[in-house]
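What follows is a single structure, written as structure tokens, with notes after it.
The values are calculated or read from the model by the stated rules, or taken from the named source; none is laboratory data. The model shown is predicted, which means the values in this text are computed figures rather than measured ones. Note: ideal-geometry Cβ built from the backbone for every residue, glycine included; neighbour counts use all protein chains shown.
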């Protein structure tokens, strides 16, 4: 994709001999440029900045130097066991000498084309910058934040620090969830180290919950100067909440923040507050996403009805229809609200089965995005 009016510059994937230069620029912007921190971005985001992902590390290069970068990692996310195709954007930057020229926006347009080309239907971005909102991405309220007070609950298990030999049972615990990121091969081994790599004033602690029969769950905490938050935790929610109370006591903090996305239920007695998913989302291909979600819909609705469901996208507007019933959606923001937040005022023309379907399948259960897969 060539940039109009700049004949010598094009947007393209990174070549093998350019990967090191891409990573150098990213480190200069995000580490050296943010308090002279060590160059560790490739250690923190090894899947995103892997040489094998270089075609999705989209760049603008002048005659000799790479000057602007947008990286994305294609991933699969399971929605109650049904895979959808997503892409995580991260480590987006432009060389300080070239900022203010709209280069990142131009690369984002190329990234959108690339995503459509390889079948990525949903885009996740690890930032809420205006750059992404101007591109059409938005925040969505799909979570609840809980503040677990430090305490000394009576436990039927022990809480100890993670050891390398715990990785296989942890994988089994993680994979027992229907809604999660799909982690293949050695992804988990890579992510449990890279996703907890310390930098600046940020560090991590990893724990497992264990009884005489083995591991029951695990917790990964992110420690920043002002608070401790849960990065990822899997297991029985009552046990996780009790373990967090104990850890708060051991770590000397009053409370630990734990965000649960829609579809995960806190133990009785806990009241959370509405919270946004981390970063912003953009639906790259609405029709493609709905097609991928059909098996999820069929878990709750009659097959024949789902096969009759029609979806359409045209000129920035969207439509769902079932026979004579239609729901018109006027903007991408409203579309995200429908799918991830389920605003109550979204009703179809003629009412009936389409409204019932929408009430049943939306909002989508979705994993917390700032977990180990955060790229």
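When the criteria are applied in full, residue 308 meets the requirement of being touching a strand residue (DSSP E or B) at 6+ places or on another chain (Cβ under 7 Å) and not assigned by TED's automatic domain parsing to the domain that holds residue 240. Scanning the stretch 136-157 for residues that are in a loop (DSSP other than H, G, I, E, B) and either under 18 Å from the mean Cα position of the chain (by Cα) or crowded, with 19+ Cβ neighbours inside 10 Å (or both) turns up 136, 137, 139, 140, 157. Restricting the stretch 253-267 to residues that are assigned to a loop (DSSP other than H, G, I, E, B) and closer than 23 Å to residue 80 by Cα, the residue that is nearest to the chain's Cα centre (by Cα) is 262.
Listed by position, the strands (runs of 3 or more DSSP E) inside the stretch 24-135 whose residues that are within 23 Å of residue 368 (Cβ to Cβ) and touching a strand residue (DSSP E or B) at 6+ places or on another chain (Cβ under 6 Å) number at least 3 are 66-79, 82-94, 122-125. Taken over the stretch 45-65, the criterion of being more than 14 Å from the chain's Cα centre (by Cα) and crowded, with 21+ Cβ neighbours inside 10 Å is satisfied by 49, 56, 57, 58, 59, 60. Looking only at the stretch 303-329, which residues are assigned to a loop (DSSP other than H, G, I, E, B) and modelled with pLDDT under 95? Selection gives 315, 316, 323, 324.
Restricting the stretch 275-302 to residues that are touching a helix residue (DSSP H, G or I) at 6+ places or on another chain (Cβ under 6 Å) and in a helix (DSSP H, G or I) leaves a set whose member that is farthest from residue 370 (Cα to Cα) is 298.
Number of residues in the stretch 181-210 that are in a strand (DSSP E or B), in contact (Cβ under 8 Å) with a residue 60 or more places away in the chain and surrounded by fewer than 19 Cβ atoms within 10 Å (Cβ to Cβ): the value is 1.
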